[in-house]
Amino acid sequence: MPRAFITDIDGTLTDDRRRLSTEVVDEMRKLLDNDIPIILASGNTLCFLDAFSHMIGTDGTIIAENGGVYRLGYLGKKQISGNQELCLAAYQKVVDELQPKGDDLRLFSNRYRDSDIAFSRDAPTETVKEILKDMPVVVIDTGFAIHLQVPGITKGAAFEKLAEQMGLAPSDFLVAGDSVNDVSMLKLGGISVAPANASPEAKMAADHVMEKSYGEGTAEALRKYF
Ligand SMILES: O=C(O)COP(=O)(O)O
Ligand SMILES: [Mg+2]
């Protein structure tokens, strides 16, 4: 049986309208009641994850901004890596190119971000990738936002560091994720699962694709593997 659980949030704990699945919350509370640690790993900001951790009842161990920010427990030091200035310059290049054509890209929660840049999916990801092909940034389309991050910063890299600080190996974890930004951590888990709604990349990286979608699929995995 896995000794710990690490999970993505959007598309993995939510439903098809991005509302939290109460079914998966019930299953996560059972883990917490049995002292099984949970890491929340998301493209969202630290403050989003803080509120989320409190309300789920985890100990505040989080990965935010797709690995650009991570922290062990609420009292741990917030670790920031990456190069947000570079990501912002890349974003500006996309805006300069697409705004005259009428594509309005909205920045997401930028004043709360320390590492990456996230914006609305109003332009095709392939177009953004083409514009940035000579820039040293990675374009990540999570299905919820487009993120720009420097290479090497991933949920998986932060997961390895946090697992070590927790005295565990990544292979001690059940990993759940639904999108391309989860592939790095899905590959590291002892068991990795993707709910049925997951992207082709996440399904490929996971050991098991669940029958159910979204949070209900992840709840199914928690019942099955713990
Ligand atoms: O921030 C996003 O784009 C998606 O968030 P997630 O990593 O929790 O799915
Ligand atoms: Mg997701």
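The values are calculated or read from the model by the stated rules, or taken from the named source; none is laboratory data. Keep in mind that what you see is a predicted model, and the values were worked out from it rather than measured. Backbone-built Cβ (ideal geometry, glycine too); neighbour counts: all protein chains shown. Calculation scope for accessible area: heavy atoms of the full protein, side chains included, ligands and nucleic acids excluded. Shrake-Rupley method; radii C 1.70, N 1.55, O 1.52, S 1.80 Å.
Some observations on this one:
- Verdict on T45 being of a type in the set (S, T, Y) and away from ligand 2 (no atom under 16 Å from the Cβ): no
- Of all the listed residues (F119, F159), the sole one being under 30 Å from L31 (Cα atoms) and not aliphatic (A, V, I, L, M) is F159.
- Any chance D50 is open to solvent by 10 Å² or more (accessible area, probe 1.4 Å) and assigned to a loop (DSSP other than H, G, I, E, B): no
Residue-wise test of (1) modelled with pLDDT of 95 or more; (2) open to solvent by 70 Å² or more (accessible area, probe 1.4 Å); (3) more than 16 Å from ligand 2 (Cβ to nearest atom).
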residue	(1), (2), (3)
A89	yes, no, yes
V94	yes, no, yes
R106	no, yes, yes
D114	yes, no, yes
K129	yes, yes, yes
M135	yes, no, yes
T154	yes, no, no
F159	yes, no, no
L162	yes, no, yes
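- Answer residue from the range 16-40, given it is open to solvent by 40 Å² or more (accessible area, probe 1.4 Å) and polar (S, T, N, Q) and is farthest from A64 (Cα to Cα) among those: N34
- The set of residues in the range 1-23 that are away from ligand 1 (no atom under 12 Å from the Cβ), of a type in the set (G, A, S) and under 17 Å from K212 (Cβ atoms) contains only S21.
- Only a single criterion out of (1) within 13 Å of ligand 1 (Cβ to nearest atom); (2) over 20 Å from S179 (Cβ atoms) is not satisfied by F48, namely (2).
- Looking across the range 165-200, the residues that are among the β-branched types (V, I, T) and surrounded by fewer than 24 Cβ atoms within 10 Å (Cβ to Cβ) come down to V180, V183, I191.
- Per the listing M55, M1, the residue uniquely more than 16 Å from ligand 2 (Cβ to nearest atom), of a type in the set (A, V, I, L, M, F, W, C) and over 21 Å from L75 (Cα atoms) is M1.
- The residues of the range 116-127 that are within 16 Å of ligand 2 (Cβ to nearest atom) and of a type in the set (D, E) amount to a single one, D116.
- Selected residue [more than 12 Å from ligand 1 (Cβ to nearest atom), more than 14 Å from the chain's Cα centre (by Cα) and under 15 Å from I62 (Cα atoms)] from L162, L168: L162
- Inter-residue pairs, beta-carbon under 6 Å, first more than 11 Å from G67 (Cβ to Cβ) and in the range 142-165, second within 13 Å of ligand 1 (Cβ to nearest atom) and of a type in the set (F, W, Y), 6+ apart: A145/F108; I146/F119
- Where a residue in the range 19-38 is assigned to a helix (DSSP H, G or I) and its partner, wherever it lies, is of a type in the set (A, V, I, L, M, F, W, C) and open to solvent by 60 Å² or more (accessible area, probe 1.4 Å), with Cβ under 9 Å and at least six apart: V25/M55
- A residue that is among the aliphatic types (A, V, I, L, M) and more than 18 Å from L20 (Cβ to Cβ) cannot be found anywhere in the range 212-219.
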